[in-house]
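Student: If you scroll down you'll find the structure; I have some questions about it.
Laboratory data are not the source of any read-out in this text; all were calculated from the coordinates shown. Keep in mind that what you see is a predicted model, and the values were worked out from it rather than measured. As a convention, Cβ positions derive from the backbone with ideal geometry for all residues, glycine included, and neighbour counts pool all protein chains shown.
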Amino acid sequence: MIAHRIETTIGEDSSLTLPNLPFKAGTSVEVIVLEYPNKKKVNVRDNPFYGMPFEYDDPFSPVGVEDWDVLT
């Protein structure tokens, strides 16, 4: 089975045209139409912690040293 992907937009009359398909005339094909989800543009200022000061108590200490014993 040959798959061909194309991105297009539905026309004003709610129709869809797929020009220049890589199939011979008369070939049976299956058409599945999927709507793209709305891609919300992420704004860093939407983060409730944006612009708030932060500090590390001990930035160079190892993390989870006591958790290594759990694996044995």
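Student: Can you compute the charge dipole magnitude of the chain about its Cα centre, using +1 on each Lys and Arg Cβ and -1 on each Asp and Glu Cβ, nothing else charged? Give it in debye, rounded to the nearest 20.
Tutor: Values: 6 positive and 12 negative charges, 152 e Å.
Charge dipole of the chain: 740 debye, to the nearest 20.
Student: Only sites in a loop by DSSP and with at most 12 other Cβ atoms within 10 Å count here; which trypsin sites (Lys or Arg not before Pro) in segment 1-60 make the cut?
Tutor: Listed in order of number, the matching sites are Arg5, Lys24, Lys39, Lys40, Lys41.
Student: Taking a cut-off of 15 Å, what percent of all Cα-Cα pairs in the chain are separated by more than that? Kindly include the intermediate steps, with their values, before the conclusion.
Tutor: Working: 1992 of 2556 pairs.
Taking all Cα-Cα pairs of the chain, the fraction more than 15 Å apart is 78 percent.
Student: Under the 0.36 nm per residue contour assumption, what length would be gained going from the current alpha-carbon distance of Thr8 and Asn20 to full extension?
Tutor: Details: separation 12, 0.36 × 12 = 4.32 nm, distance 1.26 nm.
Using 0.36 nm per residue and subtracting the Cα-Cα distance, I get 3.1 nm.
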